[in-house]
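The values are calculated or read from the model by the stated rules, or taken from the named source; none is laboratory data. Being a predicted model, the structure only gives us computed values, none of them experimental. Heads up, the Cβs are rebuilt from the backbone with ideal geometry, glycines too, and the neighbour counts pull from every protein chain shown. These accessible areas exclude ligands, DNA and RNA; they are computed on the full protein's heavy atoms, side chains included. Shrake-Rupley method; radii C 1.70, N 1.55, O 1.52, S 1.80 Å.
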Amino acid sequence: MKHLDEYRDAHLVHAIADEISRTISKHWVIMEICGGQTHSIMKYGLDQLLPEKVELVHGPGCPVCVTSIEMIDKALAIASQPDVIFTSYGDMLRVPGSASDLFSTRATGKDVRVVYSSLDALKIAQNNPDKKVVFFAIGFETTAPANAMSVIQAKKLGIDNFSLLVSQVRVPPAMHIILGSPTNQVQGFLAAGHVCTVMGYWEYVPIAKIYKVPIVVTGFEPVDILQGILVAIRQLEKDTWQVENAYSRVVNISGNQRAQKIINQVFEEKDQKWRGIGSIPNSGWKLKSEYKGFDAEELFEVYEISPVESPLCISGQILQGIKKPNHCPAFAKQCTPEHPLGATMVSSEGTCVAYYRYGSSR
Amino acid sequence: MCLAVPGKILEIYEMNGLLMGKIDFNGIIREACLTYVPEAKVDDYTIIHVGFALNLIDEKEAMDTLALLEDIAN
């Protein structure tokens with residue numbers, strides 16, 4: 001298919017990998033922030049094609065993985081209430097909360113449904129006026145336009161049995177935390193291409209400048225990822241730290257302004273807790289007061305739940321690129337995709353499940 | 001959640017006041033919301049994520065990038 005196959009071309013993949021080998025003279029640590037990129041790297045074995053001097057570390061770009069355990073527990077509590085239809089992107093279903101997960105909750109007879117789009121959740125609300133339909137609005141900036149539009153539509157169409165349980169996270173604050181840490185090893189960054197499709201990359205210019213780290217907007221297909229790595233390596237070898245766009249077929253510096261306008265209409269920034277990392281200032285979005293009538297946290301009484309994480313799980317360190325899944329004593333033993341101890345073994349973008357599925361020789 | 005997929009726009013229409021489209025993903029036809037790409041035309045390629053088009057694919061940029069990479073390969 002056009003705009004897909006060309007970026008999976010084996011000849012091109014090998015040619016770019018060769019060029020990286022010719023260009024690189026020192027050891028460099030590059031972080032890709034997006035879980036989709038992690039999976040692509042593992043699935044296509046790109047890390048094995050690269051010279052050893054390139055060390056790829058994986059960042060916290062898995063919104064399913066970083067949704068706080070408190071939020072999962074809230075979702076479970078709401079889903080368990082009578083007359084609730086709880087809708088969610090499929091990925092969230094097996095993420096472990098303190099005692100259970102949405103999948104198990106559904107197995108006890110509660111109405112939990114997987115939807116592909118927020119508009120599907122809205123349709124369920126329209127078709128079930130006697131039920132309270134809640135949509136688990138998680139994600140990075142990539143899902144924010146879709147999640148925001150469902151609330152705008154609900155308001156416009158007068159659908160009053162629809163609400164969002166919001167857990168939106170933003171990339172730039174996470175990059176500050178990682179790069180600003182005294183133990184930071186990351187020297188180059190591959191920015192998440194689809195986040196940048198929405199937000200542009202103007203937010204990364206001050207980050208590159210402050211931390212003197214090249215940031216390269218990168219896509220997801222093998223050719224895209226290698227191209228992003230090549231551009232980053234070239235800069236590192238030249239000791240420059242610019243923001244460069246290696247995904248120009250869908251990304252431009254200002255992003256999708258229409259989408260940003262809608263995001264700003266519906267959401268405002270808040271401090272957000274990232275699972276395994278802790279609270280990051282201004283790293284999340286919440287519904288603005290005009291839309292509080294669609295906020296599930298306001299509509300449902302959910303008592304403070306003390307979260308309980310698995311003592312064995314090191315998801316937090318994996319999400320910050322400090323450890324790799326094969327460093328975890330529970331990896332592939334007590335913790336597998338069928339019985340996950342943490343979110344990174346569940347999500348389709350989780351680092352642990354990527355390692356489990358695609359590679360043991362790393 | 002980052003994974004958006006390219007698709008070709010086959011049809012554009014309106015539903016409940018929202019711009020919608022029938023998108024061809026390499027043979028699989030699905031509906032998506034085009035509200036964020038109002039300039040979209042039939043036969044344009046777009047990137048779809050969770051049922052919404054995030055942006056159109058710029059043909060020229062795509063061609064230029066591939067040409068650049070082919071240069072490296074040769």
message: Here are the criteria: (1) open to solvent by 20 Å² or more (accessible area, probe 1.4 Å); (2) in contact (Cβ under 8 Å) with a residue 24 or more places away in the chain. Tell me which single one A:Lys270 does not satisfy.
response: (2)
statement: Every listed condition ((1) at pLDDT 95 or above; (2) surrounded by fewer than 22 Cβ atoms within 10 Å (Cβ to Cβ); (3) more than 29 Å from A:Asn161 (Cα to Cα)) holds for A:Pro311 save (1)
query: Checking B:Thr65 against (1) within 7 Å of another protein chain (Cβ to nearest Cβ); (2) open to solvent by less than 70 Å² (accessible area, probe 1.4 Å); (3) on the phi > 0 side of the Ramachandran plot, which test does it fail?
result: (3)
Candidates B:Val42, B:Val50, filtered to the one that is loosely packed, with under 13 Cβ neighbours inside 10 Å and in contact with a strand residue (DSSP E or B) (Cβ under 8 Å, 6 or more places away or on another chain): B:Val42
task: Run B:Ile72 past the list (1) open to solvent by less than 50 Å² (accessible area, probe 1.4 Å); (2) at the interface with chain A (Cβ under 8 Å from one of its Cβ atoms); (3) under 24 Å from A:Ala144 (Cβ atoms) and report the number of the one that doesn't hold.
output: (3)
message: Given the criteria open to solvent by 60 Å² or more (accessible area, probe 1.4 Å), at negative phi, over 15 Å from the mean Cα position of the chain (by Cα) and in contact (Cβ under 8 Å) with a residue 40 or more places away in the chain, does A:Gln48 qualify?
response: yes
field: Residues located in region A:56-78, provided they are open to solvent by 10 Å² or more (accessible area, probe 1.4 Å) and of a type in the set (Gly, Ala, Ser)
entry: A:Ser68, A:Ala77
message: So in region B:25-45, with the set limited to residues that are at the interface with another protein chain (Cβ under 9 Å from one of its Cβ atoms) and over 14 Å from A:Ala259 (Cα atoms), which one is modelled with the lowest pLDDT?
response: B:Asn26
statement: Looking across region A:121-132 at residues that are in contact with a helix residue (DSSP H, G or I) (Cβ under 9 Å, 6 or more places away or on another chain) and at the interface with another protein chain (Cβ under 10 Å from one of its Cβ atoms), the single one that is farthest from B:Ile48 (Cα to Cα) is A:Gln126
query: Name the pairs: first residue in region A:5-16 and closer than 11 Å to B:Ala73 by Cβ, second residue among the charged types (D, E, K, R) and not in a loop (DSSP other than H, G, I, E, B), Cβ to Cβ under 8 Å, at least 6 apart or on different chains?
result: A:Leu12/A:Glu6; A:Leu12/B:Glu70
message: For region A:83-104, check the following and say yes or no: at least one residue is open to solvent by 20 Å² or more (accessible area, probe 1.4 Å), among the charged types (D, E, K, R) and under 30 Å from A:Lys212 (Cα atoms).
response: no
message: So the check is Cβ under 6 Å with 6+ separation or different chains; which pairs have a first residue in region A:133-158 that's within 11 Å of chain B (Cβ to nearest Cβ) and among the acidic types (Asp, Glu) and a second one that's crowded, with 24+ Cβ neighbours inside 10 Å and not in a strand (DSSP E or B)?
response: A:Glu141/A:Val195; A:Glu141/A:Val198; A:Glu141/A:Met199
- request: For region A:280-301, state whether one or more residues are open to solvent by 10 Å² or more (accessible area, probe 1.4 Å), farther than 20 Å from A:Cys62 by Cα and aliphatic (A, V, I, L, M).
  value: yes
query: What are the residues in region A:232-253 that are more than 12 Å from chain B (Cβ to nearest Cβ), β-branched (Val, Ile, Thr) and crowded, with 22+ Cβ neighbours inside 10 Å, if any?
result: A:Ile233, A:Val243
query: Going through region B:46-57 one residue at a time, which ones are under 17 Å from A:Gly255 (Cα atoms) and either more than 7 Å from chain A (Cβ to nearest Cβ) or touching a helix residue (DSSP H, G or I) at 6+ places or on another chain (Cβ under 9 Å) (or both)?
result: B:Thr46, B:Ile47, B:Ile48, B:His49, B:Phe52, B:Ala53, B:Leu54, B:Asn55, B:Leu56
Scope region A:323-349; condition modelled with pLDDT under 85 and either more than 13 Å from A:Arg275 (Cβ to Cβ) or outside any helix (DSSP H, G or I) (or both); matching residues: A:Val346, A:Ser347, A:Ser348, A:Glu349
